[in-house]
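J.: One structure is given below, represented as structure tokens, and several questions about it will come after.
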Amino acid sequence: SEDKNLEVRCEESNRHDEKKYTVRRLTASYKGKGSVTLKHILFEAWPEDGAWIPSNTDGFMDIIKIIRDSK
């Protein structure tokens, strides 16, 4: 469904091609209720062939560090 009171903006996007992930800083605001900043991380190297882990985990380990450092 569509909510015209909700607005989400991408303030910053940093793609890490060599490790196959993108980090975005988003701002979500709801009319009359203020806003919140979110960190969105997209890991593009996750295997789609049913494998449990990617063949190279460097990017995934970077993501874990980003999450830990965000606290």
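J.: Looking at (1) part of a strand (DSSP E or B); (2) surrounded by 10 or more Cβ atoms within 10 Å (Cβ to Cβ), which is the only condition Asn14 fails?
T.: (2)
J.: Checking Ile53 against (1) in a strand (DSSP E or B); (2) touching a Phe, Trp or Tyr at 6+ places or on another chain (Cβ under 9 Å); (3) among the aliphatic types (A, V, I, L, M), only one condition comes out false. Which one?
T.: If we test Ile53 against (1) in a strand (DSSP E or B); (2) touching a Phe, Trp or Tyr at 6+ places or on another chain (Cβ under 9 Å); (3) among the aliphatic types (A, V, I, L, M), just (1) comes out false.
J.: Going through region 17-31 one residue at a time, which ones are free of Cβ contacts under 8 Å to residues at least 24 places away in the same chain and open to solvent by less than 90 Å² (accessible area, probe 1.4 Å)?
T.: Residues satisfying the conditions are Asp17, Thr22, Arg24, Leu26, Thr27, Ala28, Ser29.
J.: A follow-up question, please. Out of everything in region 33-42 that is in contact (Cβ under 8 Å) with a residue 24 or more places away in the chain and not aliphatic (A, V, I, L, M), what residue ends up being least open to solvent (accessible area, probe 1.4 Å)?
T.: Thr37
J.: Give me the pairs: first residue in region 49-67 and more than 19 Å from Val23 (Cα to Cα), second residue at pLDDT below 90, beta-carbon distance under 9 Å, and six or more apart or on different chains, which are they?
T.: Note: pairs meeting the criteria are Ile53/Trp46; Ile53/Pro47; Ile53/Phe60; Ser55/Ala45; Ser55/Pro47.
J.: Identify, by number, the condition in (1) in contact with a Lys or Arg (Cβ under 8 Å, 6 or more places away or on another chain); (2) modelled with pLDDT under 90 that Ile53 doesn't meet.
T.: (1)
The values are calculated or read from the model by the stated rules, or taken from the named source; none is laboratory data. None of the values given here were measured: they were computed from a predicted structure. With ideal geometry, Cβ positions are generated from the backbone for all residues, glycine too; neighbour counts draw on all protein chains shown. Just so you know, the surface numbers come from the protein's heavy atoms only, side chains and all, with ligands and any DNA or RNA stripped out. Shrake-Rupley method; radii C 1.70, N 1.55, O 1.52, S 1.80 Å.
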